[in-house]
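Participant: I'd like to ask you about the structure that follows.
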């Protein structure tokens with residue numbers, strides 16, 4: 001059986017991701033992801049490899065907007081039966097993007113889910 005602290009650690013990591021995006025505190029992403037992270041986003045055809053590449057891509061994407069990400073429904077599965085435990089998290093989100101500069105006054109609200117394998 002998984003330790004309840006593991007569930008909280010996963011929730012905190014996913015929450016920290018949103019805080020990093022909304023505050024544009026990019027070094028926080030190094031606390032969320034491993035250095036060799038493999039990430040796929042709908043706005044990017046190719047997978048993103050490594051936390052540095054991921055950080056740069058997110059910075060480019062969010063440069064013209066102020067954001068607020070809210071996490072909602074979440075489902076976590078932690079498997080401890082093998083020699084190397086695994087975890088899967090599905091977390092629904094709403095992300096509000098407010099334009100800055102030439103995009104001032106425009107707003108986009110995104111709905112989606114984060115699917116993480118740890």
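Read the figures in this text as sums done on the coordinates, not as results from a lab. Every value quoted in this text rests on a predicted model; they were computed, and no experiment measured them. Quick reminder, even Gly has a Cβ in these numbers, built from the backbone with ideal geometry, and neighbours come from all protein chains shown.
Participant: What's the extension gain from residue 23 to residue 113 if we count 0.36 nm per residue and subtract their Cα-Cα distance?
Facilitator: On the way: separation 90, 0.36 × 90 = 32.40 nm, distance 2.02 nm.
Computed gain between residue 23 and residue 113 is 30.4 nm.
Participant: Hey, another quick one. Beyond 24 Å, what share of the Cα-Cα pairs of the stretch 4-117 is found? Please give it as a whole percent.
Facilitator: Looking at the stretch 4-117, the distances longer than 24 Å represent 28 percent of pairs.
Participant: Any chance you could give the angle, 0 to 90 degrees and rounded to 10, that helix 51-62 forms with the longest Cα principal axis of the chain?
Facilitator: That works out to roughly 40 degrees.
Participant: I've got another one for you. First measure r as the distance between the Cβ atoms of residue 34 and residue 63, then evaluate 1/(1 + (r/R0)^6) with R0 = 22 Å and state the FRET efficiency to the nearest 0.05.
Facilitator: Details: r = 25 Å, r/R0 = 1.13.
Once rounded, the FRET efficiency stands at 0.35.
Participant: Next question, about the same structure. If a paramagnetic tag sat 7 Å from the Cα of residue 5 along the Cα-Cβ line, which residues of the stretch 54-88 would have the backbone N under 18 Å from that point?
Facilitator: Once the point is set 7 Å along Cα→Cβ of residue 5, 78-80, 85-87 turn out to lie under 18 Å by backbone N, inside the stretch 54-88.
Participant: Kirkwood hydrodynamic radius (Cα pairs, Å) of the stretch 1-58?
Facilitator: This gives a value of 12.3 Å.
Participant: Using Cα atoms only, what is the angle between the long axis of helix 4-23 and the major principal axis of the chain, expressed in degrees (0 to 90) to the nearest 10?
Facilitator: 10 degrees
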